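First the structure, in the form of structure tokens, and then the observations on it.
The values are calculated or read from the model by the stated rules, or taken from the named source; none is laboratory data. On a predicted model such as this, the values are computed, not experimentally measured, just so you know. Note: ideal-geometry Cβ built from the backbone for every residue, glycine included; neighbour counts use all protein chains shown.
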Amino acid sequence: MVALFKRKDLLQDAPSSPIFLMKFKKIPTVVSATSRSTTHGIEGFRFYLDALFHQALETGEKITMKSQFVMMVAFATVAATGFSAGTVTGKVNFTGKAPKAEVIKMNADPYCMKANAGKKVLNEDVEVNANKTLAGVFVYITDFKGTAPAAPATPLEFDQENCVYKPLVFGIRTGQGLKIVNSDSTLHNVHAMPKGNAGFNMGMATKGQSIEKKFTKAEKNIHIKCDVHGWMSAYGNVVDHPYFAVTDSKGEFTLKDVPPGEYTIEATHHKLGDKTAKVTVKEGATEKVDFTIGSALN
């Protein structure tokens, strides 16, 4: 469904360049009602250019060299005035009693024991950092309604190395390739158990072997395990936009290039549950959102 907006309605977020305003202030255009809220930054600029083309179609006016020059000036004005998206940063704090990080026993596979000789490989299902924050928490926008950039053409690599999964928690776009690699000279089994996507269960016996899979629907905390090595677990999160992150060794995250608007941000942990917060992202600004997630041992 479309709605008719006059140019003056769209100009509230436009740059104040006289050339820009003279060219566009009287132009009516048809824009999508669902796109009205994204009249910001490059998206907004695209709408302004759409107006010129709509006018040409409606009136039969040719798009002259002068008009093209005006468009170039408008684009330069947008860039110069910092017409841009925003950023959301924060951290996930941990409260309560931290579970003891147990040493993984790999006696069942001599290769795994040798690959990790002299190391203490810990179970990191719940990874509490030294500053009492949580690593491995997936943070993302739950209610993004705009037009997201295309998913990356490059697949995300998911490795089996030294008999553990790397990364243990990851985010991936719907339709993006997941390149699953076996970097070990031993048999692994990749068993994905989603609820909304198609699962898979594949053996990988050769070092250097790789296969590619895709998830087509948004879904959080997809458990991936190895049926050969019971200690191997990972969790995948599938989203239909790029506004997500996984907390690091300081419990921090950053969501970049977020279009201005009001959103719900969720921090989800595969063992400890979810927390949400509301945030208003402003053009060119950085918003801070912190979460606190408690231990199931409280």
- Counting just the residues of region 68-125 that are of a type in the set (Ser, Thr, Tyr), buried (at least 16 other Cβ atoms within 10 Å of the Cβ) and at pLDDT below 90, which one comes out farthest from Asn162 (Cα to Cα)? Thr77
- Item | Count of residues meeting criterion [small (Gly, Ala, Ser) and either within 17 Å of His269 (Cβ to Cβ) or within 12 Å of the chain's Cα centre (by Cα) (or both)] in region 124-149 | 3
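Being of a type outside the set (A, V, I, L, M) and surrounded by fewer than 19 Cβ atoms within 10 Å (Cβ to Cβ) is true for just one of Gln209, Gln160. Which residue is that? Break it down stepwise before answering.
Details: Gln160 fails: surrounded by fewer than 19 Cβ atoms within 10 Å (Cβ to Cβ).
So the residue among Gln209, Gln160 that is of a type outside the set (A, V, I, L, M) and surrounded by fewer than 19 Cβ atoms within 10 Å (Cβ to Cβ) is Gln209.
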- Item | Residue within region 253-264 that is more than 18 Å from the chain's Cα centre (by Cα) and surrounded by fewer than 19 Cβ atoms within 10 Å (Cβ to Cβ) present | no
- Say whether the condition of being surrounded by fewer than 17 Cβ atoms within 10 Å (Cβ to Cβ) and closer than 26 Å to Gly90 by Cα is met by at least one residue in region 173-196. no
- Message: If I go through region 254-270 residue by residue, how many of them are touching a residue at least 40 places away in the same chain (Cβ under 8 Å) and acidic (Asp, Glu)?
- Response: 2
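For region 150-165, how many residues meet the condition of being within 15 Å of the chain's Cα centre (by Cα) and either among the polar types (S, T, N, Q) or in a strand (DSSP E or B) (or both)? So that I can check it myself, show each step before the final result.
At the first step, the residues of region 150-165 found to be within 15 Å of the chain's Cα centre (by Cα) are 150-156.
Pick out the ones that are also either among the polar types (S, T, N, Q) or in a strand (DSSP E or B) (or both) and you get 154, 156.
Adding up the residues that qualify gives 2.
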- Task: Residues being touching a Gly at 6+ places or on another chain (Cβ under 7 Å), hydrophobic (A, V, I, L, M, F, W, C) and in a loop (DSSP other than H, G, I, E, B): count how many of those fall in region 208-223.
- Result: 0
- Message: Anything in region 221-241 that is surrounded by fewer than 21 Cβ atoms within 10 Å (Cβ to Cβ) and within 17 Å of the chain's Cα centre (by Cα)? List them, or say none.
- Response: Asn221, Asp240, His241
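What's the total number of residues in region 246-290 that are in a strand (DSSP E or B), of a type in the set (D, E, K, R) and touching a Pro at 6+ places or on another chain (Cβ under 9 Å)?
Start the filter on region 246-290 by keeping residues that are in a strand (DSSP E or B), which leaves 246, 252-258, 261-269, 273-281, 286-288.
If we keep only those that are of a type in the set (D, E, K, R) as well, we get 252, 256-257, 262, 266, 274-275, 278, 287-288.
Okay, now just the ones that are also touching a Pro at 6+ places or on another chain (Cβ under 9 Å), so 256-257.
Result for region 246-290: 2.
Please tell me if His191 is farther than 23 Å from Asp274 by Cβ, part of a loop (DSSP other than H, G, I, E, B) and not polar (S, T, N, Q).
Details: farther than 23 Å from Asp274 by Cβ: yes; part of a loop (DSSP other than H, G, I, E, B): no; not polar (S, T, N, Q): yes.
Judged against the criteria, His191 is not a match.
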